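What follows is a short report on a single structure.
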Amino acid sequence: MARIIAIDKGSIGEELGLEVGDELLGFNGEKIVDVLDYVYYDSQESFVMNLRAKQGDEVDIEIEKDENETLGLSLDGSVQLEPMRCRNKCVFCFVDQLPKGMRETLYVKDDDYRLSFVSGNYVTLSNITQKELDRIVRLRLSPLYISVHAFDRDVKTKLVANPESAKVFDKINFLAQHGIVMHTQIVLCKGLNDGKILMQTLEELKKLYPAVLSVAVIPVGLTCHREGLYRLEQFDSVSAGEVIDAVENFNAQFNGGFCWCSDEFYIKAQRKMPDYSDYGDFCQIENGVGLCAEFVNSFDTALDGAVPSNKVVEIAVVTGQSFKEILRELCEKLKVKYPNVTVRICDIYNDFFGRSITVSGLVTATDIVKQTSNMPKYTLIPSTMLREFTDTFLDGYTVPQLEKELNTNIRISHGGESFVKLIEQLAKQG
């Protein structure tokens, strides 16, 4: 149950005479679990609201409303989402590879189907009950984002170290049969779930299309903090190329619209990225699938409409190793409209997590400080280096702290268009 703490004026809740202090027990006889119950039924046109008045009487109120009308209730914190903890012991778990001394929240492992729906978090379904599966269907929590990794049950159990994980396809089948759309990912570990195992997994996911709408194949990320953990190998240029060939050939069956390798595979294989048009609606971009193509496309579009300037200015741009060559090519294009803008690319090696980690999103301020000096007046960093909705790096540094340390003015880039607009703005200022 959840206590009502506020009621919007003019809302259905006010019209019904509900009061602050009344307790919402559930809907249609189903007990309220969390805020998602309220959000779902608040979007429906017809349902029964189960209520306990603050005087103690329990009542069932039949609700008939337009879909866009709201009950207008604010509920207490008892229905807020507290992440469900993961009970797996994945051989590739990134949390297990973190150094000591970081923010406590970074060590929290969640495996919560609700955060999959709300935030796009990938979940294994290893920690979910049939009651929760039924709830997903009842509340139409779709799409979901599912970590699959392998169809073979023995391989899956070895990867995740939880026998329940072997049942993931049973659960995916159940959700598919009830109309839940899923995006899936395969974290590929060399010698474990690649090769024939990968192809078998893709074949089984293909059978569930379009309920399973997409698949991202991404290489395992290995830090230098793996003491005592399962021994895993990095993909090299040859083995990465083999994965790309297999996935692209399989994807051809769908005219290129079902499964993709992440950008990191192409960088490892030293291959040209697919074209922007090959990624459809970029449904797997949060997995690094098409991220470079989207950046380049939005950069080019923004540069076409940018206002030229001849003012002299030097700007530093911080990036990881995997994006540096693409960034250099893009900065050459800037010279057409900004011939007197000097862009200094600061490509940072990741000593904090280990140099096998090359993506910009895992670059820390600690490494930026150690590897840069004599910075110009302005510095651009990508938003992916910061914790979402904050100005904090993974190592706890804040943007103001880094500005002070480097004696520079930091601007945050949110993609290709934002990058060009920042250059345009700074070029005007000179």
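The values are calculated or read from the model by the stated rules, or taken from the named source; none is laboratory data. Just so it is clear, the structure is predicted and the values come from calculations on it, not from any experiment. Note: ideal-geometry Cβ built from the backbone for every residue, glycine included; neighbour counts use all protein chains shown.
Table for the structure above
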quantity: Output for the stretch 18-67, where each listed residue is surrounded by 12 or more Cβ atoms within 10 Å (Cβ to Cβ) and of a type in the set (Ser, Thr, Tyr); calculated: Tyr38, Tyr40, Tyr41, Ser43
quantity: Filtered residues of the stretch 111-137 (kept if in contact (Cβ under 8 Å) with a residue 24 or more places away in the chain and in a helix (DSSP H, G or I)); calculated: Tyr113, Arg114, Leu115, Ser116, Phe117, Val118, Leu133, Arg135, Ile136, Val137
quantity: Exclusive hit being touching a helix residue (DSSP H, G or I) at 6+ places or on another chain (Cβ under 8 Å) and either in contact (Cβ under 8 Å) with a residue 40 or more places away in the chain or within 16 Å of Arg135 (Cβ to Cβ) (or both), set Ile61, Ile4; calculated: Ile4
quantity: Exclusive hit being at pLDDT below 95, farther than 28 Å from Cys93 by Cβ, aliphatic (A, V, I, L, M) and not assigned by TED's automatic domain parsing to the domain that holds Arg226, set Val369, Val341, Val336, Val399; calculated: Val336
quantity: Looking only at the stretch 211-269, and only at residues there that are in contact with a Cys (Cβ under 6 Å, 6 or more places away or on another chain) and assigned to a loop (DSSP other than H, G, I, E, B), the one that is nearest to Cys93 (Cα to Cα); calculated: Val220
quantity: Subset of the stretch 268-290 (residues that are over 20 Å from the mean Cα position of the chain (by Cα) and within 23 Å of Ser237 (Cβ to Cβ)); calculated: Lys268, Ala269, Gln270, Arg271, Lys272, Met273, Pro274, Asp275, Asp278
quantity: Members of the stretch 138-158 found to be farther than 30 Å from Glu30 by Cα, in a loop (DSSP other than H, G, I, E, B) and in contact (Cβ under 8 Å) with a residue 60 or more places away in the chain, listed by number; calculated: Val148
quantity: Sole residue being more than 20 Å from Gln284 (Cα to Cα) and either part of a helix (DSSP H, G or I) or without any contact (Cβ under 8 Å) to a residue 60 or more places away in the chain (or both), chosen from Glu164, Glu204; calculated: Glu164
quantity: Hey, Val108 surrounded by 15 or more Cβ atoms within 10 Å (Cβ to Cβ), under 30 Å from Cys224 (Cα atoms), among the aliphatic types (A, V, I, L, M) and outside the structural domain of Ser356 (by TED's automatic domain parsing) or not; calculated: no
quantity: Residue in the stretch 368-382 that is part of a helix (DSSP H, G or I), among the basic types (Lys, Arg) and surrounded by fewer than 20 Cβ atoms within 10 Å (Cβ to Cβ) present; calculated: yes
quantity: The stretch 270-306 - residue that is in contact with a Leu (Cβ under 9 Å, 6 or more places away or on another chain) and assigned to a helix (DSSP H, G or I) and, of those, farthest from Val220 (Cα to Cα); calculated: Leu303
quantity: Qualifying residues in the stretch 303-337 (those that are in contact (Cβ under 8 Å) with a residue 24 or more places away in the chain and within 25 Å of the chain's Cα centre (by Cα)) - the one surrounded by the most Cβ atoms within 10 Å (Cβ to Cβ); calculated: Val318
